[in-house]
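Novice: The following block contains the structure, expressed as structure tokens.
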Amino acid sequence: MLARSRRPRIRVFAAWSLACAALAALALPSVAQALNLPGRIAYVRCTTSLVDCPLVVRQADGSGGITTIDGDVGAETLIGRWPSFAPDGSAVAYLDRKPAVEMDFVPIAVAKTDGSGSTVIRNRGYGSPTWRPVGASVAFVDDPDDELPGQVRTISPTGGSESQLFDLDREPFVQPPGAPVGWLADSLQWLPGGSQLLLSANGPSTPGGPQDRSAFFLIPAGSGEFATLTPNTPGASFTAPRLSRDGARLAYVYADTSTAQQLRVRDLAGTSEVTVPIGALTIVEPHDFSPDGESVLISARDPASPSEVHLYVVAIDGGAPPARVFADGASHEASAAWFSESRPTAITSGPSGLTNQSAAQFSLTQVGAPVAGNFECRLDGAPFAPCSSTVSLPGLADGQHTFEARFVIAGGGIGPTVSRTWTVDATPPSV
């Protein structure tokens, strides 16, 4: 029988309040060790002001050493690197910003996360590169004619082979002849499955008008139409969107003429949205969701040291105060990505469509090489709870039901959610 109790919050926020209290009295080498954060984080780390800013990878809990994967220095390297982990965590794709290089069009590079080397795979790109979750390719925005809006393309992580995914030369991105400004693509991120991308762009709210709008778009990897995810509100700013690992939610920064910058989390349809409390911090941008999806990794400024930028984890529901991830002498930390190994789940048997049976049984399996961990399941939107690879659901009421499952690696990440929907009609016809 499927349990319905809420899974304890043991990955990111375990004993958070105790850890924060202890930090007031103890000089711990890393806040992250007290929080027991899983996985690895790639980010830009400056040791002195805005010089000596390599791109590094380290354990999210602060244990072990710091691996430099791109050692180029300079203030320009702090912003806009946008690292994106390969699906297996072995490499990172990023914009290879250099001092004195034009900020708009910069090389795209791939670096091994073990520090064994980096390679420029394309001499010029625009917008954040994003590693496709299936297959071996990196998506980016290209501007082949020096006239925006350009194209969304993919390239092999070893360089060379390229293909076009989506042409941005269409409404609303294309502007009338002689228009002073057009749409400027900002960032890209794949949705799970690799068939759609989230695009962030800035442009005019009316064709040919000033660039007074920022918006999010869901675009297909190939043919098909895009969907606009944000309203056309002049003066409203929707920036720095980051998708949750299951692709169901996005974190972003919102501001308008009467509202200071806020960290918000919403579903893709925009039907549910919350403003995330971040205390006295000033948000710079969100970077990633935690592996359990209950917090967001952000860069922000603390009023106690407003000239510095650091990484923090913040609870979406406000159940714990923001906590700085690393406390080891860096002056600035930004442009981050959070990797935690996960395993997809497959539903190998179970009902679908219409059935007259009021009981259901599902069988689950890991996709790929088995690893230690456990499945989590839920029925009809109840909280996820641990379950076995065989799940029995007796006594179901007539009507539609949805069963969902995912795999949680021991001490690691949460895999994508899979689901099965079916309809029970066990009531005999009246005679």
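Every number in this text was worked out from the coordinates using simple rules, so none of it is lab data. Keep in mind that what you see is a predicted model, and the values were worked out from it rather than measured. Note that each Cβ is placed from the backbone with ideal geometry, even for glycine, and that neighbours are counted across all protein chains shown.
Novice: Once you have the Cα-Cα distance between GLU225 and ASN374, take 0.36 nm times their residue separation minus that, and quote the gain in nm to one decimal.
Specialist: Extending this stretch completely gives an extra 49.8 nm.
Novice: Name the long-range amide H neighbours of VAL325: under 5 Å, sequence gap of 5 or more, or other chain; modelled H, no Pro or chain starts.
Specialist: Amide H neighbours of VAL325, under 5 Å, 5+ apart: LEU311, TYR312, VAL313.
Novice: Looking only at region 227-261, which residues have a backbone nitrogen under 11 Å from a spot 7 Å from the Cα of THR282 in the C-beta direction?
Specialist: Under 11 Å, as judged by backbone N against the label point of THR282, lie 261 of region 227-261.
Novice: Could you work out the Kirkwood radius for region 278-322, taking every pair of different alpha carbons, averaging 1/r and inverting it, reported in Å? Let's see the in-between values first.
Specialist: Details: mean 1/r = 0.0940 Å⁻¹.
It is 10.6 Å.
Novice: Under a 5 Å amide H to amide H cut-off, with H placed in plane at 1.01 Å, what residues pair with THR365 once short-range neighbours are removed?
Specialist: ALA346, THR348
Novice: Just to check I understand the Karplus step: with θ = phi - 60° and J = 6.51 cos²θ - 1.76 cosθ + 1.60, what whole-Hz values come out for region 106-118, glycine and proline as x?
Specialist: So the J values, rounded to whole Hz, are 9, x, 9, 10, 10, 10, 6, 6, 8, x, 7, x, 10.
Novice: Residue separation times 0.36 nm, minus the C-alpha to C-alpha distance between ALA269 and ALA136: what's the value?
Specialist: Result: 45.0 nm gained on full extension.
Novice: Here's something else I'd like to know. Looking at region 289-345, which GluC sites (Glu not before Pro) are DSSP coil and have at most 16 other C-beta atoms within 10 Å of their C-beta?
Specialist: Passing sites in region 289-345 are GLU308.
Novice: Same structure again: Ranked highest first by the average count of other Cβ atoms within 10 Å around their residues, in what order do 273-285, 357-369 fall? Present the calculation step by step, with values, prior to reporting the outcome.
Specialist: Details: 273-285: 16.4, 357-369: 14.8.
So the peptides 273-285, 357-369, ranked by packing, come out 273-285, 357-369.
Novice: Same structure, new question: For THR423 and THR355, calculate 0.36 nm times their separation in residues minus their Cα-Cα distance, and state this gained length in nm to one decimal.
Specialist: 23.9 nm
Novice: Let me ask something else. Each residue of region 191-207 in order: what ³J(HN,Hα) in whole Hz does its phi give by Karplus 6.51 cos²θ - 1.76 cosθ + 1.60, θ = phi - 60°, with x for Gly and Pro?
Specialist: Using θ = phi - 60°, the values come out as 7, x, x, x, 10, 9, 10, 9, 10, 9, 8, 10, x, x, 6, 10, x Hz.
Novice: Just want the ordering: CYS53, CYS377, from fewest to most Cβ atoms lying within 10 Å of their own Cβ.
Specialist: So the residues, fewest neighbours to most, are CYS377, CYS53.
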